[in-house]
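Colleague: Take a look at this one; I'll ask things after.
The values are calculated or read from the model by the stated rules, or taken from the named source; none is laboratory data. Predicted model only: the values in this text are computed from it and were never measured. Here the Cβ positions follow ideal geometry from the backbone for every residue, glycine too, while neighbour counts run over all protein chains shown. With ligands, DNA and RNA removed, areas are computed over all heavy atoms of the protein, side chains included. Shrake-Rupley method; radii C 1.70, N 1.55, O 1.52, S 1.80 Å.
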Amino acid sequence: MEGAKDPPESGKRRGAVTVVFLAALPLLLVVFLFGNRAASIAADTQLWTQAKQQSPRNASSRRDRLLGGLLSPDFDEPACRSRYEGSERWKPSPFPVSPHLVRKLREYEAHHRRCGPGTARYREARAQLLSGRNGDRGECRYVVWLPIQGLGNRMLGLVSTFLYAVLTGRVLLVHEPAEMEALFCEPFPGTSWLLPRSGFPDMGRGFWSSCPESYVSMLESNVIGYDDNEDGGNASARLPAYVYLHLENMDLRLQNHTFCEEDHRALDRFNWMVLRSDSYFAVALFLVPAYRAELERMFPAKASVFHHLGRYLLHPGNRAWGVVRRFFDGYLAGADERLGVQVRVVPQSHAPFEAMYERIQRCARENGLLPQVTDEPAGGGVNSSTEGMKARRKAVLVVSLKAEYYERLHGTYYANATVSGEVVTVYQPSHDGDQHTEARAHNERALAEIFLLSYCDEMVTTGWSTFGYVAHALAGVRPWLLVPLDWSSKARAGDVACVRPASVEPCLHSPPSLVCRGGGPGKQDLGDPVAHVPFLRHCEDVGFGLKLVD
(Lines give C-alpha, C1' and ligand atoms only; values in the text may rest on other atoms or scores of the structure.)
Protein backbone atom coordinates (compact mmCIF):
# COMPACT_ATOMS: atom_id res chain seq x y z
CA MET A 1 0.00 0.00 0.00
CA GLU A 2 1.09 3.55 -0.57
CA GLY A 3 0.56 6.96 0.94
CA ALA A 4 1.83 10.50 1.04
CA LYS A 5 1.60 13.26 3.61
CA ASP A 6 2.88 16.18 1.64
CA PRO A 7 1.87 17.82 -1.66
CA PRO A 8 3.57 16.55 -4.81
CA GLU A 9 5.64 19.71 -5.14
CA SER A 10 7.20 19.27 -1.67
CA GLY A 11 9.06 16.11 -2.59
CA LYS A 12 8.08 14.47 0.70
CA ARG A 13 6.07 11.55 -0.61
CA ARG A 14 5.70 8.78 1.92
CA GLY A 15 4.93 6.13 -0.69
CA ALA A 16 5.62 5.99 -4.40
CA VAL A 17 2.62 5.81 -6.66
CA THR A 18 3.36 2.76 -8.78
CA VAL A 19 0.58 2.99 -11.33
CA VAL A 20 -1.06 6.11 -12.76
CA PHE A 21 -4.39 5.54 -14.39
CA LEU A 22 -5.91 7.82 -16.98
CA ALA A 23 -9.44 8.38 -15.72
CA ALA A 24 -12.30 9.69 -17.77
CA LEU A 25 -13.48 13.13 -16.73
CA PRO A 26 -16.59 12.96 -14.51
CA LEU A 27 -19.87 13.74 -16.16
CA LEU A 28 -21.68 16.95 -15.16
CA LEU A 29 -25.06 18.50 -15.78
CA VAL A 30 -26.05 19.67 -19.23
CA VAL A 31 -26.48 23.43 -19.51
CA PHE A 32 -30.19 24.13 -19.06
CA LEU A 33 -32.13 26.43 -21.38
CA PHE A 34 -33.64 29.13 -19.20
CA GLY A 35 -35.61 31.42 -21.43
CA ASN A 36 -35.80 35.19 -21.39
CA ARG A 37 -36.09 37.66 -18.53
CA ALA A 38 -39.84 37.97 -18.92
CA ALA A 39 -40.43 34.30 -18.03
CA SER A 40 -43.13 33.82 -15.43
CA ILE A 41 -42.92 31.84 -12.22
CA ALA A 42 -44.85 29.07 -13.96
CA ALA A 43 -42.27 28.91 -16.72
CA ASP A 44 -39.48 28.81 -14.15
CA THR A 45 -41.18 25.94 -12.38
CA GLN A 46 -41.74 24.01 -15.61
CA LEU A 47 -38.13 24.38 -16.71
CA TRP A 48 -36.80 23.42 -13.30
CA THR A 49 -39.08 20.36 -13.13
CA GLN A 50 -37.91 19.22 -16.56
CA ALA A 51 -34.31 19.64 -15.49
CA LYS A 52 -34.91 17.74 -12.27
CA GLN A 53 -36.30 14.78 -14.21
CA GLN A 54 -33.08 14.47 -16.19
CA SER A 55 -30.57 12.20 -14.49
CA PRO A 56 -27.18 13.88 -14.01
CA ARG A 57 -25.57 10.47 -14.55
CA ASN A 58 -26.99 10.41 -18.09
CA ALA A 59 -25.91 13.94 -18.93
CA SER A 60 -23.89 14.65 -22.03
CA SER A 61 -20.25 13.74 -21.73
CA ARG A 62 -19.44 17.28 -22.83
CA ARG A 63 -18.07 19.09 -19.80
CA ASP A 64 -20.45 21.66 -18.32
CA ARG A 65 -17.95 24.44 -17.74
CA LEU A 66 -20.59 26.90 -16.60
CA LEU A 67 -22.22 24.62 -14.00
CA GLY A 68 -25.72 24.71 -15.44
CA GLY A 69 -25.57 28.45 -16.09
CA LEU A 70 -24.30 29.48 -12.64
CA LEU A 71 -21.03 30.86 -13.99
CA SER A 72 -20.64 33.70 -16.46
CA PRO A 73 -18.42 32.95 -19.48
CA ASP A 74 -17.11 36.54 -19.45
CA PHE A 75 -13.78 35.91 -17.71
CA ASP A 76 -10.12 35.64 -18.65
CA GLU A 77 -9.35 32.00 -17.81
CA PRO A 78 -5.63 32.37 -16.90
CA ALA A 79 -6.52 34.97 -14.27
CA CYS A 80 -8.49 32.30 -12.36
CA ARG A 81 -7.73 28.72 -13.37
CA SER A 82 -10.12 27.19 -10.86
CA ARG A 83 -13.28 28.85 -12.17
CA TYR A 84 -13.70 26.52 -15.13
CA GLU A 85 -11.21 23.74 -14.34
CA GLY A 86 -13.10 22.88 -11.17
CA SER A 87 -15.95 21.39 -13.18
CA GLU A 88 -13.58 18.66 -14.41
CA ARG A 89 -13.27 17.27 -10.91
CA TRP A 90 -16.66 17.70 -9.24
CA LYS A 91 -19.24 14.99 -9.50
CA PRO A 92 -22.43 15.96 -11.35
CA SER A 93 -24.60 18.15 -9.17
CA PRO A 94 -27.65 16.43 -7.67
CA PHE A 95 -29.51 19.77 -7.86
CA PRO A 96 -30.66 21.30 -11.16
CA VAL A 97 -30.09 25.04 -11.33
CA SER A 98 -33.21 27.19 -11.21
CA PRO A 99 -33.52 29.47 -14.27
CA HIS A 100 -34.64 32.21 -11.90
CA LEU A 101 -31.40 31.89 -9.93
CA VAL A 102 -29.42 32.24 -13.16
CA ARG A 103 -31.31 35.42 -14.03
CA LYS A 104 -30.79 36.86 -10.54
CA LEU A 105 -27.04 36.23 -10.76
CA ARG A 106 -26.74 37.91 -14.16
CA GLU A 107 -28.79 40.87 -12.87
CA TYR A 108 -26.60 41.12 -9.78
CA GLU A 109 -23.43 41.12 -11.92
CA ALA A 110 -24.79 43.96 -14.05
CA HIS A 111 -25.72 45.92 -10.92
CA HIS A 112 -22.27 45.38 -9.43
CA ARG A 113 -20.64 46.65 -12.63
CA ARG A 114 -22.75 49.83 -12.45
CA CYS A 115 -22.05 50.47 -8.77
CA GLY A 116 -18.75 48.77 -7.98
CA PRO A 117 -15.42 50.39 -7.03
CA GLY A 118 -14.02 52.71 -9.68
CA THR A 119 -17.41 53.82 -11.02
CA ALA A 120 -18.86 57.33 -10.83
CA ARG A 121 -21.80 55.94 -8.82
CA TYR A 122 -19.42 54.42 -6.27
CA ARG A 123 -17.55 57.70 -5.88
CA GLU A 124 -20.84 59.50 -5.35
CA ALA A 125 -22.00 56.95 -2.76
CA ARG A 126 -18.66 57.12 -0.95
CA ALA A 127 -18.83 60.92 -0.81
CA GLN A 128 -22.25 60.59 0.81
CA LEU A 129 -20.80 58.08 3.29
CA LEU A 130 -17.95 60.43 4.22
CA SER A 131 -20.42 63.28 4.79
CA GLY A 132 -21.50 61.56 7.99
CA ARG A 133 -25.19 61.16 7.11
CA ASN A 134 -27.22 58.53 5.31
CA GLY A 135 -28.88 60.78 2.72
CA ASP A 136 -31.77 59.79 0.48
CA ARG A 137 -32.12 56.23 -0.70
CA GLY A 138 -29.53 55.76 -3.45
CA GLU A 139 -29.52 53.65 -6.59
CA CYS A 140 -26.31 52.02 -5.34
CA ARG A 141 -26.36 50.63 -1.83
CA TYR A 142 -23.67 48.49 -0.22
CA VAL A 143 -22.96 45.79 2.34
CA VAL A 144 -19.33 45.55 3.47
CA TRP A 145 -18.39 42.06 4.69
CA LEU A 146 -15.82 41.70 7.49
CA PRO A 147 -14.10 38.30 8.03
CA ILE A 148 -13.93 36.61 11.41
CA GLN A 149 -12.86 33.21 12.79
CA GLY A 150 -11.45 30.35 10.68
CA LEU A 151 -11.75 29.75 6.95
CA GLY A 152 -14.85 27.54 7.15
CA ASN A 153 -16.71 30.18 9.17
CA ARG A 154 -15.58 32.88 6.76
CA MET A 155 -16.82 31.01 3.71
CA LEU A 156 -20.21 30.36 5.33
CA GLY A 157 -20.53 34.01 6.37
CA LEU A 158 -19.44 35.32 2.97
CA VAL A 159 -21.93 33.20 1.02
CA SER A 160 -24.69 34.24 3.43
CA THR A 161 -23.80 37.91 3.01
CA PHE A 162 -23.85 37.57 -0.77
CA LEU A 163 -27.32 36.05 -0.63
CA TYR A 164 -28.45 38.93 1.58
CA ALA A 165 -27.01 41.40 -0.95
CA VAL A 166 -28.92 39.74 -3.81
CA LEU A 167 -32.18 39.79 -1.86
CA THR A 168 -31.87 43.45 -0.81
CA GLY A 169 -30.39 45.00 -3.96
CA ARG A 170 -27.06 45.78 -2.30
CA VAL A 171 -23.54 45.52 -3.71
CA LEU A 172 -21.24 43.15 -1.82
CA LEU A 173 -17.83 44.60 -0.94
CA VAL A 174 -15.22 42.39 0.76
CA HIS A 175 -12.74 43.72 3.30
CA GLU A 176 -9.64 41.67 2.47
CA PRO A 177 -7.07 41.45 5.28
CA ALA A 178 -3.50 40.36 4.54
CA GLU A 179 -4.17 36.72 5.45
CA MET A 180 -6.85 36.51 2.74
CA GLU A 181 -5.01 38.37 -0.02
CA ALA A 182 -5.60 36.64 -3.39
CA LEU A 183 -7.13 33.65 -1.58
CA PHE A 184 -10.22 33.82 -3.80
CA CYS A 185 -10.68 34.96 -7.38
CA GLU A 186 -12.87 37.89 -8.30
CA PRO A 187 -16.34 36.34 -8.83
CA PHE A 188 -18.08 39.12 -10.80
CA PRO A 189 -17.02 39.89 -14.41
CA GLY A 190 -15.82 43.38 -15.33
CA THR A 191 -15.59 44.70 -11.78
CA SER A 192 -14.14 44.02 -8.32
CA TRP A 193 -15.72 42.89 -5.07
CA LEU A 194 -12.80 44.23 -2.98
CA LEU A 195 -13.38 47.23 -0.75
CA PRO A 196 -10.72 49.82 -1.67
CA ARG A 197 -8.05 50.14 1.03
CA SER A 198 -9.08 53.68 1.92
CA GLY A 199 -12.71 53.11 1.15
CA PHE A 200 -14.40 53.06 4.55
CA PRO A 201 -14.24 55.27 7.65
CA ASP A 202 -13.67 53.78 11.10
CA MET A 203 -12.27 50.50 9.75
CA GLY A 204 -9.15 50.88 11.87
CA ARG A 205 -11.18 51.52 15.02
CA GLY A 206 -13.06 48.26 14.68
CA PHE A 207 -16.63 47.12 15.26
CA TRP A 208 -18.21 45.09 18.04
CA SER A 209 -21.72 44.00 19.00
CA SER A 210 -22.49 47.01 21.23
CA CYS A 211 -20.61 49.75 19.36
CA PRO A 212 -22.62 52.95 18.73
CA GLU A 213 -22.99 52.14 15.02
CA SER A 214 -24.52 48.71 15.65
CA TYR A 215 -28.17 48.30 14.76
CA VAL A 216 -29.13 47.07 18.23
CA SER A 217 -27.42 50.07 19.86
CA MET A 218 -29.29 52.42 17.51
CA LEU A 219 -32.59 50.81 18.49
CA GLU A 220 -31.81 51.09 22.20
CA SER A 221 -30.81 54.76 21.91
CA ASN A 222 -33.79 55.61 19.64
CA VAL A 223 -31.54 56.66 16.76
CA ILE A 224 -33.79 54.52 14.58
CA GLY A 225 -37.33 53.30 15.17
CA TYR A 226 -39.61 50.78 13.56
CA ASP A 227 -42.17 53.42 12.52
CA ASP A 228 -39.78 55.95 10.97
CA ASN A 229 -41.19 55.26 7.50
CA GLU A 230 -44.30 57.16 8.49
CA ASP A 231 -42.24 60.37 8.35
CA GLY A 232 -42.53 60.56 4.58
CA GLY A 233 -39.05 59.13 4.05
CA ASN A 234 -37.30 62.10 5.69
CA ALA A 235 -36.18 59.96 8.62
CA SER A 236 -33.81 57.97 6.38
CA ALA A 237 -31.92 61.10 5.36
CA ARG A 238 -31.34 61.96 9.03
CA LEU A 239 -29.86 58.57 9.92
CA PRO A 240 -26.13 58.00 10.53
CA ALA A 241 -23.97 57.33 7.48
CA TYR A 242 -24.01 53.54 7.95
CA VAL A 243 -25.24 50.74 10.18
CA TYR A 244 -23.27 47.84 11.60
CA LEU A 245 -24.98 44.42 11.76
CA HIS A 246 -23.31 41.96 14.13
CA LEU A 247 -24.18 38.33 13.32
CA GLU A 248 -21.49 36.52 15.30
CA ASN A 249 -22.23 33.39 17.30
CA MET A 250 -22.69 34.77 20.83
CA ASP A 251 -23.45 32.15 23.49
CA LEU A 252 -24.86 29.93 20.71
CA ARG A 253 -27.40 32.57 19.65
CA LEU A 254 -27.51 35.45 17.22
CA GLN A 255 -28.52 38.83 18.63
CA ASN A 256 -32.12 39.90 18.97
CA HIS A 257 -33.54 42.20 16.29
CA THR A 258 -31.72 40.60 13.38
CA PHE A 259 -34.28 38.37 11.62
CA CYS A 260 -37.66 39.92 12.37
CA GLU A 261 -39.64 41.49 9.54
CA GLU A 262 -39.69 44.96 11.09
CA ASP A 263 -35.93 44.89 11.68
CA HIS A 264 -35.22 44.26 8.02
CA ARG A 265 -37.52 47.10 7.01
CA ALA A 266 -35.53 49.37 9.32
CA LEU A 267 -32.16 48.12 8.07
CA ASP A 268 -33.28 48.70 4.49
CA ARG A 269 -33.26 52.48 5.09
CA PHE A 270 -29.46 52.57 5.24
CA ASN A 271 -27.46 52.99 2.04
CA TRP A 272 -24.32 51.56 3.67
CA MET A 273 -24.10 48.52 5.94
CA VAL A 274 -21.11 46.82 7.56
CA LEU A 275 -21.73 43.17 8.40
CA ARG A 276 -19.62 40.75 10.41
CA SER A 277 -20.60 37.12 10.76
CA ASP A 278 -19.04 33.73 11.49
CA SER A 279 -22.32 31.87 10.89
CA TYR A 280 -24.31 30.39 8.04
CA PHE A 281 -27.12 32.88 8.51
CA ALA A 282 -28.50 32.17 5.03
CA VAL A 283 -30.76 29.72 6.84
CA ALA A 284 -32.24 32.55 8.93
CA LEU A 285 -33.07 34.62 5.82
CA PHE A 286 -35.80 32.06 5.11
CA LEU A 287 -37.45 33.16 8.37
CA VAL A 288 -38.09 36.69 7.03
CA PRO A 289 -41.47 36.68 5.23
CA ALA A 290 -40.42 39.48 2.87
CA TYR A 291 -37.67 37.27 1.40
CA ARG A 292 -39.44 33.92 1.37
CA ALA A 293 -41.08 34.03 -2.07
CA GLU A 294 -37.89 35.16 -3.84
CA LEU A 295 -35.81 32.52 -2.06
CA GLU A 296 -38.24 29.79 -3.06
CA ARG A 297 -38.02 30.85 -6.71
CA MET A 298 -34.22 30.87 -6.62
CA PHE A 299 -33.97 27.59 -4.73
CA PRO A 300 -36.83 25.17 -5.47
CA ALA A 301 -34.55 22.60 -3.80
CA LYS A 302 -33.92 24.17 -0.40
CA ALA A 303 -30.92 21.92 0.24
CA SER A 304 -29.07 23.47 -2.71
CA VAL A 305 -28.47 26.99 -1.34
CA PHE A 306 -24.82 26.76 -0.33
CA HIS A 307 -24.10 24.13 -2.99
CA HIS A 308 -25.02 26.52 -5.81
CA LEU A 309 -23.90 29.82 -4.28
CA GLY A 310 -20.62 28.37 -3.03
CA ARG A 311 -19.80 26.97 -6.47
CA TYR A 312 -20.72 30.33 -8.02
CA LEU A 313 -18.91 32.63 -5.60
CA LEU A 314 -15.87 30.86 -4.16
CA HIS A 315 -13.04 30.08 -6.57
CA PRO A 316 -9.53 29.45 -5.19
CA GLY A 317 -6.87 31.85 -6.40
CA ASN A 318 -4.17 30.46 -8.68
CA ARG A 319 -1.70 29.69 -5.87
CA ALA A 320 -4.19 27.60 -3.86
CA TRP A 321 -5.58 26.07 -7.05
CA GLY A 322 -2.09 24.96 -8.08
CA VAL A 323 -1.93 22.87 -4.89
CA VAL A 324 -5.36 21.37 -5.61
CA ARG A 325 -4.57 20.50 -9.21
CA ARG A 326 -1.14 18.97 -8.55
CA PHE A 327 -2.28 16.91 -5.58
CA PHE A 328 -5.48 15.71 -7.21
CA ASP A 329 -3.87 14.78 -10.52
CA GLY A 330 -0.83 13.24 -8.83
CA TYR A 331 -2.55 11.12 -6.19
CA LEU A 332 -6.34 10.99 -6.46
CA ALA A 333 -7.35 11.13 -10.12
CA GLY A 334 -6.50 7.51 -10.95
CA ALA A 335 -8.59 5.93 -8.18
CA ASP A 336 -11.84 4.11 -8.88
CA GLU A 337 -13.31 5.71 -5.77
CA ARG A 338 -12.25 8.51 -3.43
CA LEU A 339 -13.11 8.70 0.27
CA GLY A 340 -12.48 11.89 2.23
CA VAL A 341 -11.92 11.70 5.99
CA GLN A 342 -11.94 15.08 7.74
CA VAL A 343 -11.03 15.17 11.43
CA ARG A 344 -11.42 18.34 13.46
CA VAL A 345 -10.74 18.09 17.18
CA VAL A 346 -10.86 21.47 18.91
CA PRO A 347 -8.34 21.90 21.75
CA GLN A 348 -11.00 22.55 24.39
CA SER A 349 -12.68 19.19 23.78
CA HIS A 350 -9.60 17.19 24.86
CA ALA A 351 -10.81 14.28 22.72
CA PRO A 352 -8.31 11.41 23.07
CA PHE A 353 -6.87 10.12 19.81
CA GLU A 354 -7.76 6.48 20.44
CA ALA A 355 -11.43 7.25 21.09
CA MET A 356 -11.70 9.45 18.00
CA TYR A 357 -9.88 6.99 15.76
CA GLU A 358 -12.08 4.13 16.99
CA ARG A 359 -15.12 6.19 16.04
CA ILE A 360 -13.75 6.79 12.52
CA GLN A 361 -12.93 3.09 12.10
CA ARG A 362 -16.34 1.98 13.29
CA CYS A 363 -18.12 4.49 11.03
CA ALA A 364 -16.16 3.26 8.01
CA ARG A 365 -16.70 -0.41 8.88
CA GLU A 366 -20.42 -0.20 9.65
CA ASN A 367 -21.18 1.71 6.45
CA GLY A 368 -18.95 -0.19 4.04
CA LEU A 369 -16.70 2.81 3.36
CA LEU A 370 -13.41 0.91 3.73
CA PRO A 371 -12.62 -2.79 3.17
CA GLN A 372 -11.61 -5.08 6.00
CA VAL A 373 -7.98 -6.15 6.20
CA THR A 374 -6.55 -9.66 6.60
CA ASP A 375 -3.54 -10.87 8.53
CA GLU A 376 -1.71 -11.44 5.27
CA PRO A 377 0.91 -8.93 4.11
CA ALA A 378 -0.01 -6.37 1.51
CA GLY A 379 -0.35 -7.85 -1.94
CA GLY A 380 -1.61 -11.17 -0.59
CA GLY A 381 -5.33 -10.49 -0.43
CA VAL A 382 -8.06 -13.01 -1.22
CA ASN A 383 -8.52 -11.83 -4.78
CA SER A 384 -4.94 -10.83 -5.47
CA SER A 385 -4.14 -14.05 -7.31
CA THR A 386 -7.22 -13.96 -9.54
CA GLU A 387 -5.73 -13.99 -12.99
CA GLY A 388 -6.82 -11.37 -15.49
CA MET A 389 -8.61 -9.16 -12.93
CA LYS A 390 -7.38 -5.66 -12.20
CA ALA A 391 -7.58 -4.71 -8.54
CA ARG A 392 -10.03 -1.94 -7.71
CA ARG A 393 -8.25 1.11 -6.25
CA LYS A 394 -9.63 3.34 -3.50
CA ALA A 395 -7.88 6.57 -2.52
CA VAL A 396 -8.43 7.89 1.00
CA LEU A 397 -7.80 11.60 1.57
CA VAL A 398 -7.20 12.44 5.24
CA VAL A 399 -7.60 16.10 6.14
CA SER A 400 -6.62 17.04 9.67
CA LEU A 401 -4.33 19.42 11.53
CA LYS A 402 -2.83 16.32 13.18
CA ALA A 403 -0.75 13.58 11.54
CA GLU A 404 -1.79 10.68 13.80
CA TYR A 405 -5.00 9.79 11.98
CA TYR A 406 -3.23 9.55 8.64
CA GLU A 407 -0.34 7.55 10.09
CA ARG A 408 -2.59 4.94 11.72
CA LEU A 409 -4.84 4.54 8.69
CA HIS A 410 -1.95 4.52 6.24
CA GLY A 411 -0.06 1.98 8.33
CA THR A 412 -3.06 -0.35 8.41
CA TYR A 413 -3.45 -0.52 4.63
CA TYR A 414 0.28 -0.37 3.92
CA ALA A 415 1.03 -3.47 5.98
CA ASN A 416 -2.08 -5.58 5.35
CA ALA A 417 -4.01 -6.89 2.39
CA THR A 418 -7.76 -6.40 2.14
CA VAL A 419 -10.35 -9.16 2.21
CA SER A 420 -11.83 -7.89 -1.05
CA GLY A 421 -8.49 -7.54 -2.82
CA GLU A 422 -9.15 -3.81 -3.18
CA VAL A 423 -6.03 -1.63 -3.15
CA VAL A 424 -6.32 1.22 -0.63
CA THR A 425 -3.93 4.16 -0.71
CA VAL A 426 -3.99 6.85 1.98
CA TYR A 427 -2.79 10.43 1.58
CA GLN A 428 -2.60 13.58 3.70
CA PRO A 429 -1.73 16.92 2.03
CA SER A 430 -0.57 18.74 5.19
CA HIS A 431 -0.64 18.66 8.99
CA ASP A 432 -0.01 22.09 10.46
CA GLY A 433 -0.67 20.97 14.04
CA ASP A 434 -2.59 24.09 15.04
CA GLN A 435 -4.91 26.49 13.26
CA HIS A 436 -3.28 29.71 12.08
CA THR A 437 -6.00 31.77 10.45
CA GLU A 438 -3.73 34.82 10.64
CA ALA A 439 -1.29 33.23 8.14
CA ARG A 440 -2.02 33.40 4.41
CA ALA A 441 -0.08 30.21 3.57
CA HIS A 442 -2.10 28.28 6.17
CA ASN A 443 -5.35 29.58 4.67
CA GLU A 444 -4.23 28.61 1.18
CA ARG A 445 -3.56 25.04 2.33
CA ALA A 446 -6.88 24.94 4.14
CA LEU A 447 -8.75 26.16 1.05
CA ALA A 448 -6.97 23.63 -1.15
CA GLU A 449 -7.96 20.83 1.21
CA ILE A 450 -11.60 21.93 1.33
CA PHE A 451 -11.72 21.65 -2.46
CA LEU A 452 -9.84 18.34 -2.51
CA LEU A 453 -12.44 16.96 -0.08
CA SER A 454 -15.22 18.28 -2.31
CA TYR A 455 -13.92 16.08 -5.16
CA CYS A 456 -14.42 12.88 -3.14
CA ASP A 457 -17.22 10.39 -3.80
CA GLU A 458 -17.92 9.78 -0.11
CA MET A 459 -16.97 11.69 3.02
CA VAL A 460 -16.60 11.19 6.75
CA THR A 461 -16.61 14.58 8.45
CA THR A 462 -16.54 15.83 12.03
CA GLY A 463 -19.66 17.15 13.72
CA TRP A 464 -19.71 20.91 14.47
CA SER A 465 -16.95 21.51 11.89
CA THR A 466 -17.67 24.41 9.52
CA PHE A 467 -14.68 23.24 7.44
CA GLY A 468 -16.44 19.93 6.85
CA TYR A 469 -19.77 21.65 6.15
CA VAL A 470 -18.26 23.70 3.32
CA ALA A 471 -16.56 20.69 1.72
CA HIS A 472 -19.59 18.41 1.59
CA ALA A 473 -21.96 21.21 0.57
CA LEU A 474 -19.71 22.15 -2.37
CA ALA A 475 -19.57 18.48 -3.34
CA GLY A 476 -23.33 18.01 -3.03
CA VAL A 477 -22.61 14.86 -1.00
CA ARG A 478 -24.34 13.92 2.24
CA PRO A 479 -21.42 12.93 4.47
CA TRP A 480 -21.16 10.41 7.24
CA LEU A 481 -21.08 12.81 10.18
CA LEU A 482 -19.03 11.72 13.20
CA VAL A 483 -21.23 12.10 16.27
CA PRO A 484 -19.56 14.16 19.04
CA LEU A 485 -18.11 11.95 21.74
CA ASP A 486 -20.32 11.41 24.79
CA TRP A 487 -17.89 12.08 27.61
CA SER A 488 -20.33 10.96 30.29
CA SER A 489 -20.25 7.47 28.77
CA LYS A 490 -16.57 7.62 27.72
CA ALA A 491 -17.61 6.74 24.14
CA ARG A 492 -19.11 3.30 24.88
CA ALA A 493 -18.93 0.77 22.07
CA GLY A 494 -22.72 0.90 21.75
CA ASP A 495 -22.74 4.57 20.82
CA VAL A 496 -23.62 5.54 17.25
CA ALA A 497 -20.35 6.33 15.49
CA CYS A 498 -21.76 8.47 12.68
CA VAL A 499 -25.04 9.54 11.11
CA ARG A 500 -26.13 10.61 7.63
CA PRO A 501 -27.51 14.19 7.62
CA ALA A 502 -30.88 14.89 6.04
CA SER A 503 -29.33 17.28 3.50
CA VAL A 504 -25.98 18.60 2.25
CA GLU A 505 -26.71 22.06 3.68
CA PRO A 506 -24.46 23.47 6.44
CA CYS A 507 -25.85 23.91 9.93
CA LEU A 508 -26.57 27.29 11.50
CA HIS A 509 -25.06 26.73 14.95
CA SER A 510 -26.49 29.91 16.43
CA PRO A 511 -30.17 30.33 15.54
CA PRO A 512 -31.62 33.81 15.89
CA SER A 513 -33.87 34.93 18.66
CA LEU A 514 -37.32 35.52 17.22
CA VAL A 515 -38.70 37.74 19.94
CA CYS A 516 -39.84 40.65 17.81
CA ARG A 517 -41.13 44.22 18.22
CA GLY A 518 -38.53 45.16 20.84
CA GLY A 519 -40.21 43.89 24.00
CA GLY A 520 -43.23 46.21 23.84
CA PRO A 521 -46.89 45.20 24.05
CA GLY A 522 -46.74 43.96 20.45
CA LYS A 523 -43.91 41.55 21.22
CA GLN A 524 -44.09 38.14 19.56
CA ASP A 525 -42.09 35.06 20.46
CA LEU A 526 -42.19 32.77 17.45
CA GLY A 527 -40.50 30.01 19.45
CA ASP A 528 -38.88 27.09 17.63
CA PRO A 529 -38.95 27.92 13.88
CA VAL A 530 -38.88 24.20 13.02
CA ALA A 531 -42.47 24.05 14.25
CA HIS A 532 -43.50 26.75 11.76
CA VAL A 533 -41.33 26.20 8.66
CA PRO A 534 -41.72 22.83 6.90
CA PHE A 535 -38.27 22.83 5.27
CA LEU A 536 -36.29 23.47 8.48
CA ARG A 537 -34.86 20.78 10.75
CA HIS A 538 -32.60 20.72 13.76
CA CYS A 539 -29.07 19.60 12.91
CA GLU A 540 -27.87 16.07 13.54
CA ASP A 541 -24.68 17.24 15.25
CA VAL A 542 -25.96 20.44 16.90
CA GLY A 543 -29.35 19.71 18.44
CA PHE A 544 -30.45 23.34 18.71
CA GLY A 545 -29.00 24.32 15.30
CA LEU A 546 -31.04 24.85 12.14
CA LYS A 547 -30.59 23.53 8.61
CA LEU A 548 -32.51 23.57 5.33
CA VAL A 549 -33.92 20.30 4.00
CA ASP A 550 -36.23 19.16 1.19
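Colleague: Could you estimate the translational diffusion coefficient of the range 307-358 from the Stokes-Einstein equation, with Rh from the Kirkwood formula over C-alpha pairs, at 25 °C and 0.890 mPa s, in whole µm²/s?
Modeller: Details: Rh = 14.5 Å.
After rounding, the answer is 169 µm²/s.
Colleague: Determine Rg/Rh for the range 289-331; Rg is computed over alpha-carbon atoms and Rh is the Kirkwood hydrodynamic estimate from the same atoms.
Modeller: Values: Rg = 16.2 Å, Rh = 12.8 Å.
My calculation puts Rg/Rh at 1.26.
Colleague: Using the Karplus curve 6.51 cos²θ - 1.76 cosθ + 1.60 with θ = phi - 60°, what ³J(HN,Hα) values do you get for each residue of the range 259-271, in whole Hz, with x for Gly and Pro?
Modeller: 9, 9, 4, 5, 5, 6, 5, 5, 5, 5, 7, 8, 6
Colleague: A follow-up question, please. Given H placed on each backbone N at 1.01 Å, which residues far from Val243 in sequence or on other chains put an amide H within less than 5 Å of it?
Modeller: Trp272, Met273, Val274
Colleague: Oh, and also: Rank Asp227, Asp136, Asp541 by accessible area, highest first, at a 1.4 Å probe radius? Provide the component values of the computation, followed by the final result.
Modeller: Values: Asp227 85, Asp136 120, Asp541 15 Å².
Highest to lowest solvent-accessible surface, that is Asp136, Asp227, Asp541.
Colleague: Next question, about the same structure. Which whole-Hz ³J(HN,Hα) couplings does the range 319-335 yield from phi under the Karplus relation 6.51 cos²θ - 1.76 cosθ + 1.60, θ = phi - 60°, glycine and proline marked x?
Modeller: Couplings: 5, 5, 5, x, 5, 4, 5, 5, 5, 4, 5, x, 10, 9, 4, x, 6 Hz.
Colleague: Around Val97, which amide H atoms from residues at least 5 apart in sequence, or from another chain, sit under 5 Å from its own amide H, with H modelled in the peptide plane?
Modeller: Those qualifying (amide H under 5 Å, at least 5 residues apart or on another chain) number zero.
Colleague: What are the residues whose amide H is under 5 Å from the amide H of Val373, where those residues sit 5 or more places off or on another chain and H is modelled from the backbone?
Modeller: Val419
Colleague: Turning to a different aspect of this structure: For Arg106 and Lys390, what does the FRET efficiency come to when R0 = 51 Å and r is the distance between their Cβ atoms, rounded to the nearest 0.05?
Modeller: 0.65
Colleague: Then there's this: What is the range 210-306 by shape, rounded, prolate or oblate, if you read a ≥ b ≥ c off the alpha carbon gyration tensor as root eigenvalues and call it rounded for a/c under 1.5, prolate for a/b larger than b/c, and oblate otherwise? Display every interim value, and only then the final one.
Modeller: Numbers: a/c = 2.37, a/b = 1.43, b/c = 1.66.
Here the range 210-306 falls in the oblate category.
Colleague: Right, something else. Pairs Lys390/Lys547; Lys91/Lys402; Lys104/Lys394; Lys104/Lys402: which exceed 32 Å Cα-Cα?
Modeller: Numbers: Lys390/Lys547 43 Å; Lys91/Lys402 28 Å; Lys104/Lys394 40 Å; Lys104/Lys402 42 Å.
Cα-Cα > 32 Å for Lys390/Lys547; Lys104/Lys394; Lys104/Lys402; rest within.
Colleague: Then there's this: Determine ³J(HN,Hα), in whole Hz, for all residues of the range 463-479 in sequence, where each value follows from phi through the Karplus function 6.51 cos²θ - 1.76 cosθ + 1.60 and θ = phi - 60°; x replaces Gly and Pro.
Modeller: Per-residue couplings from phi come out as x, 6, 8, 5, 4, x, 4, 4, 4, 6, 6, 4, 5, x, 10, 6, x Hz.
Colleague: Under the rule a/c < 1.5 gives rounded, and otherwise a/b versus b/c splits prolate from oblate, where does the range 109-262 land using the Cα gyration tensor? Walk me through the numbers before you get to the answer.
Modeller: On the way: a/c = 1.68, a/b = 1.16, b/c = 1.46.
The shape class here is oblate.
Colleague: Relative to the present Cα-Cα distance, how much length would full extension add between Asp336 and Glu77 at 0.36 nm per residue of separation? Can you show the working numbers first?
Modeller: On the way: separation 259, 0.36 × 259 = 93.24 nm, distance 2.94 nm.
Gain in length upon complete extension: 90.3 nm.
Colleague: Sticking with this one: According to the square roots a ≥ b ≥ c of the eigenvalues of the Cα gyration tensor, what is the shape class of the range 408-474, taking rounded for a/c under 1.5, prolate for a/b larger than b/c otherwise, and oblate for the remainder?
Modeller: Working: a/c = 2.57, a/b = 1.74, b/c = 1.48.
It comes out prolate by the Cα gyration axes.
Colleague: Using the Kirkwood formula over every pair of different C-alpha atoms, what hydrodynamic radius in Å results for the range 79-135?
Modeller: Working: mean 1/r = 0.0672 Å⁻¹.
Value: 14.9 Å, from the Cα pair sum.
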